[in-house]
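Let me begin by presenting the structure, written as structure tokens, before commenting on it.
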Ligand SMILES: [Zn+2]
């Protein structure tokens, strides 16, 4: 029996870079930064994935999508590994991914503004430096305000723009 | 048990993980009851998303409990197939929802404690616990910021909202003491550097809670009586009703999947 040539890891990453996120299909799983590692263990491909939110309902769909994509590319033995640590952060969303989010109408996360559980200190800190100004993804205005800390999926908050008057999603920083 | 033997680290770990996972499970279920009933759409979404975070964390905690216990029980088995007396959640999280203000006050008192617990657990000598804590802490940091913000807005809001928040605080305060009472299991884990002793979280919790409540113009009740029993499996009648709804499907159709 002849051993088939295994595809290179670069090739595998390339394939994964076109698998869309099930909830925000405009960005890919690699744009989102949740594929932490791909590696061959003998002839088994090990894909290490980190969850975005621990209760995100998309997690199982993501695993299924990865498996389907790789099988369609001819890989037979696949192991999906869940990695919790270090926990996923929106800092890992690629520059390209952020641009795609904006074009799609979702304001990308602003690095360094993740909740740290100290609301009072945080307000003081934000007020002393640059205020958290989320630019409207439609018109670019920074005259915007938060409507709700939560939005249509666990990863988003609801905002609105005072200039174009449209509501929009903000991909909250975590 | 007749003897007062020191529990093994393993037994203490399983007990601690059940307590932690049961708190997130029962509170997650409680706030999911608001889905479709909140006063405004944004809050409906916020409560449902918080519930989702808590139930996601439950899968991690109870999953690890089952793994360490080594009897082949999964997170689902533990959630759906135990009876009330086997649940280890604090009484606070099984309190019925009441009005929106009551739900928020319960959430705030819990979030402030949860935040301190998880912060301490990120330093656990057990890496499996430290990594679940680090993951959960990101979500809970967001929860406490939301609940603290709303406590201030409603407490220092209209006469009606202020009254409701003060009533909620008066009713819930006596359920907070249990969060800080330790037992032999807690001693073992604190000694091993795996989990903080519950009493060690009290000062930090009280500092955040006092500051937020004072900003909300709310008064901490002077009574020091505290209910307890949940973490030992002695629950109020409310838990049974939660389980009847939560466990119905798996009890009626054992092993059902979809
Ligand atoms: Zn705009």
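Quick look at the numbers
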item	result
For residues of A:84-91, the mean tally of beta carbons on other chains within 10 Å	4
Simple spin-label estimate for residue A:95 and residue B:249 in nanometres, 7 Å along Cα-Cβ	4.5 nm
Extension reserve of the residue A:18-residue A:85 stretch, reckoned as 0.36 nm per residue once the Cα distance is removed	21.6 nm
For A:46, A:19, order by how many other beta-carbon atoms lie within 10 Å, fewest first	A:46, A:19
Estimated 222 nm signal from helices in chain A, with DSSP H stretches of n ≥ 4 weighted -39500 (n - 2.57), rounded to 500	-8000 deg cm²/dmol
Folded to 0 to 90 degrees: helix B:9-32 orientation relative to chain B principal axis, Cα	40 degrees
Least to most buried among B:164, A:73 (fewest other Cβ within 10 Å first)	A:73, B:164
Most to least packed among B:155-163, B:127-135 [average Cβ atoms within 10 Å]	B:127-135, B:155-163
Rotationally averaged projected area of the protein assembly as shown (alpha carbon convex hull; nm²)	24.6 nm²
Gained length - residue B:187 relative to residue B:33, 0.36 nm times residue gap less alpha-carbon distance	51.9 nm
Beta bridges per DSSP with both ends in segment A:9-82, % antiparallel, nearest 5	60 percent
In degrees, nearest ten, helix A:58-72 long axis to first principal axis of chain A (Cα)	40 degrees
Angle between chain A longest axis and helix A:119-128 axis [Cα atoms, degrees, rounded to 10]	70 degrees
Estimated FRET transfer efficiency (residue B:219, residue A:166; beta-carbon r; R0 30 Å; 0.05)	0.10
Kirkwood Rh in Å, taken over all unlike Cα pairs in segment B:114-209	15.0 Å
Beta bridges per DSSP with both ends in the protein assembly as shown, % antiparallel, nearest 5	70 percent
Extension gain from residue B:226 to residue B:159, taking 0.36 nm per residue of separation minus the Cα-Cα distance	21.3 nm
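Coordinate-derived values only; no laboratory data. All of these numbers come straight from a predicted model, not from anything done at the bench. Note: ideal-geometry Cβ built from the backbone for every residue, glycine included; neighbour counts use all protein chains shown.
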